[in-house]
Amino acid sequence: MAKRENAKHKIDRRLGVNLWGRPKSPQNRREYGPGQHGQRRRKPTDFGLQLRAKQQLKGHYGDISEKQFRRLYHEAVRRRGDTGENLIELLERRLDAVVYRMKFVPTIFAARQFVNHGHVRVNGRRVNIPSYRVRDGDVIEVKQKSRTMALVLEAIESPERDVPDYLSVDFNELKGSFQRGPGLADVPFAVQMEPHLVVEFYSR
């Protein structure tokens, strides 16, 4: 896990924000970027603001690949309604994001690995694809043999995060359900996300 720990700290430093609101983030100590030029302050261009918004949103979900992110954007465009809100909902329906929001693991990176290793069931079936799309009413649970893992016990006891309203969780059974697709205002981001700038970035 050390490699992932370093990776997420690099994302925090690069973007200049505590992306997940964690107390161990280096941004709590240094509010400037990495490298010898990290303390320079330049007025960002419109493109720079849009790119930063995209990198923040993409990074929050474990720095998912550009190909996956772009695919979600195009699907959000095809759907009815606000494209930015649609994009947030599609990201929140990823199984690794749901496992993270349900507090079964401490980080989004751990959620991806947890799902990959087959510790999660959806509606009673093992699913090991982090990008699996969860539907309204789906029941997500930690596999019986995995419920005593230190990673899981640490996460559910942590006071760092609360479970959002669009999910319901039973921590005794380590089981929860996806109630409804969330909007931007429903998602407990640690920093302000601006999906409208992401839409502008891809609409150029």
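Every number in this text was worked out from the coordinates using simple rules, so none of it is lab data. Nothing here was measured: the structure is a model prediction, and the numbers come from that model. As a convention, Cβ positions derive from the backbone with ideal geometry for all residues, glycine included, and neighbour counts pool all protein chains shown.
For the range 50-168, treating each Cα as an identical point scatterer without solvent, what Debye log10 I(q)/I(0) comes out at q = 0.17, 0.23 1/Å?
-0.87, -1.40
Using the structure shown, select from Lys103/Lys145; Lys58/Lys103; Lys54/Lys175; Lys145/Lys175 the pairs with a Cα to Cα distance greater than 23 angstrom.
Numbers: Lys103/Lys145 18 Å; Lys58/Lys103 20 Å; Lys54/Lys175 32 Å; Lys145/Lys175 14 Å.
Beyond 23 Å between Cα atoms: Lys54/Lys175.
Which residues in the range 172-204 place their backbone N less than 17 Å from a point set 7 Å from the Cα of Arg78 along the Cα-to-Cβ direction?
none
Between the range 157-204 and the range 42-63, what is the separation of their alpha carbon centroids in Å?
If you average the Cα positions of each part, the centres end up 19 Å apart.
Taking H as built 1.01 Å from N, whose amide H comes closer than 5 Å to the amide H of Val120, not counting residues under 5 places away?
Amide H neighbours of Val120, under 5 Å, 5+ apart: Val127, Lys143.
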